[in-house]
Amino acid sequence: MKHRIAACLLLAVCLSAQAGPAPWYQWRSKTEGTMVCAQTTLGPGWEQASGPFKDSRCEKPALVK
């Protein structure tokens, strides 16, 4: 029983280690029209303009699955 629990725990750790980084998106301000690159929304005053991207400068497009 202990071996089974240890094996499940090891499997969970290995699967979580395979996760990739979060994608980046370009966000546009609804009031000023300025563009910002971020991984998450900046709030209700922003809308997603484009993405996803691989880098923090929003220059390298990421493949969409």
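The numbers here are math on the coordinates, done by the rules we state, and not lab data. Bear in mind the structure is a predicted one, so any value in this text is a computation, not a measurement. Heads up, the Cβs are rebuilt from the backbone with ideal geometry, glycines too, and the neighbour counts pull from every protein chain shown.
Which order results if Leu10, Leu63 are arranged by neighbouring Cβ count within 10 Å, fewest first?
Leu63, Leu10
Against the longest alpha carbon principal axis of the chain, how many degrees, from 0 to 90 and to the nearest 10, is the axis of helix 2-17 turned?
The angle comes out near 20 degrees.
What's the long-distance tail for the chain, i.e. % of Cα pairs beyond 13 Å?
Cα-Cα pairs in the chain separated by more than 13 Å: 68 percent.
Please list, in chain and number order, the residues 5+ apart from Ser50 or on another chain whose amide H is under 5 Å from its amide H, with Hs placed from the backbone.
Gln26
Using a Gaussian network for the chain with springs between C-alpha atoms less than 10 Å apart, which of these wobbles most: Ala22, Ala38, Ala12?
Ala12
DSSP loop (so not H, G, I, E, B), at most 10 other Cβ within 10 Å: list which GluC sites (Glu not before Pro) in the range 13-65 pass both filters.
Those that pass, being in a loop and sparsely packed, are Glu32, Glu59.
Over the chain, what is the relative contact order in whole percent, taking alpha-carbon pairs under 8 Å and six or more residues apart?
Across the chain, relative contact order equals 27 percent.
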